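Have a look at the structure below, then the notes.
Only the coordinates and a few stated rules stand behind these numbers; no lab work does. Bear in mind the structure is a predicted one, so any value in this text is a computation, not a measurement. A quick note on method: Cβ atoms are made from the backbone with ideal geometry, for glycine too, and the neighbour counts reach across all protein chains shown.
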C-alpha cells in the first residue's frame, strides 16, 4: 500500500556532476518500490532532467555562494535561511525515512533541514577533493559513499564507504558503435574523441584546431564534441575535412565510447567514472576554475593508476597537446591493459542497498 512505502528525499543541483548521480540513485530507489522526492533549484538543470524521467520534484530557491566578490553575497544569508525553512516544510509534508545528498549548493540547506528534523542523512561524494557541502554535512551524516579514494583524507573515516560513482546506465550498457561510413570515417583507423562537455570548452577547441590537419595526416581520425557554445565558430572550419566528425551535442556518448581508442577531456568525476568503466585511456585537462581545484585531484587519481595522462591548462598549447597525443598514440594499447575492475558500474546498487537496509533495520 502507498502509505506503507519507504520514502527518500534526494537533493542535488548546480552541475551535471552532482545531478546525474542523484538521478541514477533516484531511479534505482524507484525500481525498488521506494517513494522518492527530488528537491532542487527552480528553473534549473535538475528540474529539467527529473521532468524528463518523471521523477517527482519540488523546488526551493537556493543561491550559490560565489567565490568572487559580488553584490549577490548580500542576499546569501537571507536566501539560505529561507531555503532551510522551505526545506523543513517539504520534509514535514513528505515525512521521509532518509535523506540522500549528492553535493552542490542545493544539497546544503535540504541536508541541514533533514538534520534538524532528525532524518537519517546519507551523502555521495564524487570527487577526490570533497565539496564544501559534503564537508559541512559530514558531521551529521550516517554514511558517505565515496566515488574516489582520494577523498578519504578529508572526511571522517568511520563514516566512509568506497562505492564508486553512480554512472548513467544508458551510456555504460550501450554495446553498439557509431556508423563510421555514414559519418565519413573509416573502420580501421585510430580514433580520438575530444570533448569539453555538452557546452564545450573554448580553450580546448582553440588549442586543438591548429593541429587537426597534422593529426589527420598521421592517420588519426577525430570525433569532436565542439559544444553548443562555440559550434558555429569551429564547425565551418572542419566540415569539409575527411576523417573528422564534429558536432555540438549528442545523446550517443555510449556509442562514441565504444568507437574510439582514447579520449581528450576535462576531469569531471562522472566523466572519469564513465571512461574508467568503458576502459578508455585519456588525456585529461582539468578545469582550473573548478571548486577546490577538484578536477586536478580527480585527474591525478587516474594518472596514478596508469590509465590517463594529465595536461594542466596552464601548460596547454597546440604543441603540448600534439606531444601528448603522439605519446598516447604509442601507448594507449598498453595503457588499456592497466584498467582493473571498477566499482562505478555497481555503485548505485551499493548505495541503494545500504540505504534500504538501514531504513528497514
Mean shadow area of the stretch 171-336 over all directions, Cα convex hull, nm² = 9.0 nm²
Among (i) 112, 51, 46; (ii) 64, 45, 38; (iii) 65, 43, 34, the entry that matches Cα extents along the principal axes in Å as calculated here | (ii)
Bins of 5 Å from zero: percent of alpha-carbon pairs in the stretch 86-152 | 4, 19, 32, 23, 13, 7, 3, 0
Rounded tilt (10° steps) of 318-336 against the dominant C-alpha axis of the chain = 80 degrees
Helix-only [θ] at 222 nm, the chain, -39500 (n - 2.57) per DSSP H run of 4+, per residue, nearest 500, equals -12500 deg cm²/dmol
Please list 168-181, 151-164, 245-258, 272-285 highest first by mean number of surrounding beta-carbon atoms within 10 Å per residue.
-> 272-285, 245-258, 151-164, 168-181
Compute the long axis of helix 72-94 from its Cα atoms, compare it with the longest principal axis of the Cα atoms of the chain, and write down the angle in degrees, 0 to 90, nearest 10.
-> 60 degrees
Would you mind estimating how fast the stretch 314-361 diffuses translationally, via Stokes-Einstein at 37 °C and 0.692 mPa s with the Kirkwood radius over Cα pairs, in µm²/s?
-> 225 µm²/s
Compute the relative contact order of the chain as a whole-number percentage, counting only Cα pairs closer than 8 Å that sit 6 or more residues apart in sequence.
-> 15 percent
